[in-house]
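Enquirer: There's a structure below that I have some questions on.
Values in this text are rule-based calculations from the coordinates and carry no lab data. None of these values were measured; they are calculated from a predicted model. Note that we place each Cβ from the backbone using ideal geometry, even for glycine, and neighbour counts take in every protein chain shown.
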Amino acid sequence: MKKILLSFLILVTILIGNPLTAMAEEQPSAESIKESIIDSLESPSQKLPLNFLRLSQETENTVEDLGPLNDLPGTWVGKGWNMIAVPINSNSPRNTVGCPGKSASPPREDFCIEIMPYVETLTFTPIGAPVPNRGFPIDTFVVGLHYQQVVSDAKTFQPLHIENGMWLLLDKEQNIVSRLSSIPHGDSLLAIGKTSDIDGNFKIPSTKGLPILDKPVLGLGYADPYFTAEGVPPFVPSNPNQMLQDVIDKQKLVNTVILDVSTENEGGISNIPFIKKNADATSFKSTFWIEEVEDKAGNNFLQLQYSQTTDLDFIKDFTSKDPDKLIVWPHVDVATLVKQ
């Protein structure tokens, strides 16, 4: 048996050479590897197969495809106001999370209102290339932007909020866009809507900021703390969007692109169990106004205003016939930012 195996190895060596030597010769040398890397860096797209989709390309080439999102890429800085109602433990101090003390009239033991100014940096970066969605009978290609929102207390500059997500152009012909957001509290959302544009100055629609009950009843005191909370002026709890209108009433607007999305348009919100149990986020709507403004010197700059509302449901609505109905508390943010 040993003689047969030895004879086989001798025959292989004669025909093709030493197998171990042949395997070693097939491995690329360090020099050839270096040359391959250099070649690939010099011309990364020269030998791509037909219809190959690159995951990134030059930013200026992608911005042209963004349609109504075209002016968003870059960094925006500005100021805003945040209003939120939160449930509290009646055994805890009343000044928890910045809420007013017992001097609030009338005092509440089941919720408190927080109203504060903030400063914000909002950054948009184009996605590298169109993203294919395969379907029948046709495919679609989605373009959009990554964004990161960083919010800090305007007085203490302590961090308040950070958010990551995307704005996507789903259908350029139908002007359909969407916003995807992830919030560290334990929420993620998909809001879908449409875009439009308007020339010159305009009126921003009002938005409701006070708690929503089936049948508002005098004496329940749910709305009173909104007007006695610390730092309310010049914020208007009954219509937070008035802050935005006050800004553009003093300006000359050239053109405005409007992005209007909501989770009610075939979107939705997902929350961690703690959020669902204590202050369930059930609905979200957001409007961006991307405004071209002409200053007094005749120069134009880009301004971004937004209003967004997240409905938080907690505390039983005693005015409703539905025993499971909860009061809806609008959590509202409004801001005015300038592109840097």
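Enquirer: Given 5 Å bins starting at zero, what is the percent of C-alpha pairs of segment 261-340 in each, up to the one with the largest pair distance?
Expert: Going out from 0 Å in 5 Å bins, segment 261-340 shows 3, 13, 15, 16, 14, 12, 8, 7, 5, 4, 2, 1, 0 percent.
Enquirer: Here's a follow-up. Please list the non-local residues whose amide H lies under 5 Å from the amide H of LEU160, H modeled 1.01 Å from N, same-chain partners needing a gap of 5 or more.
Expert: Sorted by chain and number, the residues that satisfy this are VAL151, SER152, ASP153.
Enquirer: Near the amide H of LEU170, under 5 Å away, which other amide H atoms are found, from residues 5 or more places off or on another chain, if H is placed in the peptide plane?
Expert: For LEU170, the qualifying residues are ILE176, VAL177, SER178.
Enquirer: Given 5 Å bins starting at zero, what is the percent of C-alpha pairs of segment 178-251 in each, up to the one with the largest pair distance?
Expert: Whole-percent P(r) values from 0 Å outward: 3, 11, 13, 14, 17, 20, 14, 7, 1, 0.
Enquirer: OK, next. Kindly write out, for segment 238-254 in residue order, the coupling ³J(HN,Hα) from the Karplus curve 6.51 cos²θ - 1.76 cosθ + 1.60 (θ = phi - 60°), rounded to whole Hz, with x marking Gly and Pro.
Expert: Couplings: 6, 8, x, 5, 4, 4, 6, 4, 4, 6, 6, 5, 9, 10, 10, 8, 8 Hz.
Enquirer: If we sort 322-328, 196-202, 226-232 on the protection proxy, mean other Cβ atoms within 10 Å, highest first, what's the order?
Expert: Those peptides, ordered most packed to least, come out 226-232, 322-328, 196-202.
Enquirer: I would also like to ask the following. Sort the following peptides by mean Cβ neighbour count (other Cβ atoms within 10 Å, averaged over residues), highest first: 271-279, 183-191. Could the numbers behind the result be given before it?
Expert: Details: 271-279: 14.0, 183-191: 17.1.
Going by the mean number of other Cβ atoms within 10 Å, highest first, we get 183-191, 271-279.
Enquirer: Under unit Cβ charges (Lys, Arg +1; Asp, Glu -1), what dipole magnitude, rounded to 20 debye, does segment 59-339 have relative to its Cα centre? Mind showing how you got there, number by number?
Expert: Working: 22 positive and 35 negative charges, 156 e Å.
So the dipole magnitude of segment 59-339 works out to roughly 740 debye.
Enquirer: Follow-up question, since we're still on this one. With 20 Å as the limit, write out which pairs from LYS252/LYS296; LYS208/LYS285; LYS276/LYS325; LYS208/LYS252; LYS208/LYS276; LYS252/LYS339 have Cα-Cα distances beyond it, or answer none.
Expert: Exceeds cut-off: LYS208/LYS252; LYS208/LYS276.
Enquirer: Subtracting the Cα-Cα distance from 0.36 nm times the residue separation, let me have the gained length for ASP224 to GLU163 in nm, one decimal.
Expert: On the way: separation 61, 0.36 × 61 = 21.96 nm, distance 3.09 nm.
Length gained between ASP224 and GLU163: 18.9 nm.
Enquirer: Here's another thing I want to ask about it. Could you check the spin-label model distance between ASP197 and ARG134? Points 7 Å from the Cα along Cα→Cβ, value in nm.
Expert: 3.6 nm
Enquirer: OK, next. How far apart, in nanometres, would the label points at LYS316 and VAL217 be if each is projected 7 angstrom from Cα along the Cα-to-Cβ direction?
Expert: 1.2 nm
Enquirer: Label-point separation (nm) for SER238 and VAL338, each offset 7 Å from Cα along Cα-to-Cβ?
Expert: In this crude spin-label approximation the distance works out to 3.3 nm.
Enquirer: Amide H of LEU326: which non-local residues (sequence gap of 5 or more, or other chain) have their own amide H closer than 5 Å, using H built in the peptide plane?
Expert: ASP317
Enquirer: Please list, in order along segment 201-213, the HN-Hα scalar couplings obtained from phi with the Karplus expression 6.51 cos²θ - 1.76 cosθ + 1.60 (θ = phi - 60°), rounded to whole Hz, x for Gly and Pro.
Expert: 6, 8, 9, 7, x, 6, 9, 8, x, 8, x, 10, 10
Enquirer: Which ³J(HN,Hα) values, rounded to whole Hz and listed in residue order, are derived for segment 116-132 from phi using the Karplus coefficients 6.51, -1.76 and 1.60 in 6.51 cos²θ - 1.76 cosθ + 1.60 with θ = phi - 60°, glycine and proline given as x?
Expert: 8, x, 9, 10, 9, 10, 10, 10, 10, 10, x, 5, x, 7, x, 9, x
Enquirer: Using bins 5 angstrom wide from zero, how does P(r) for segment 59-339 break down, in % of all Cα pairs?
Expert: 1, 5, 11, 15, 18, 16, 12, 9, 6, 4, 2, 1, 0
Enquirer: Quick check: residue separation of GLN174 and LYS250 times 0.36 nm, minus the Cα distance between them. What number comes out in nm?
Expert: Additional length available on full extension: 24.0 nm.
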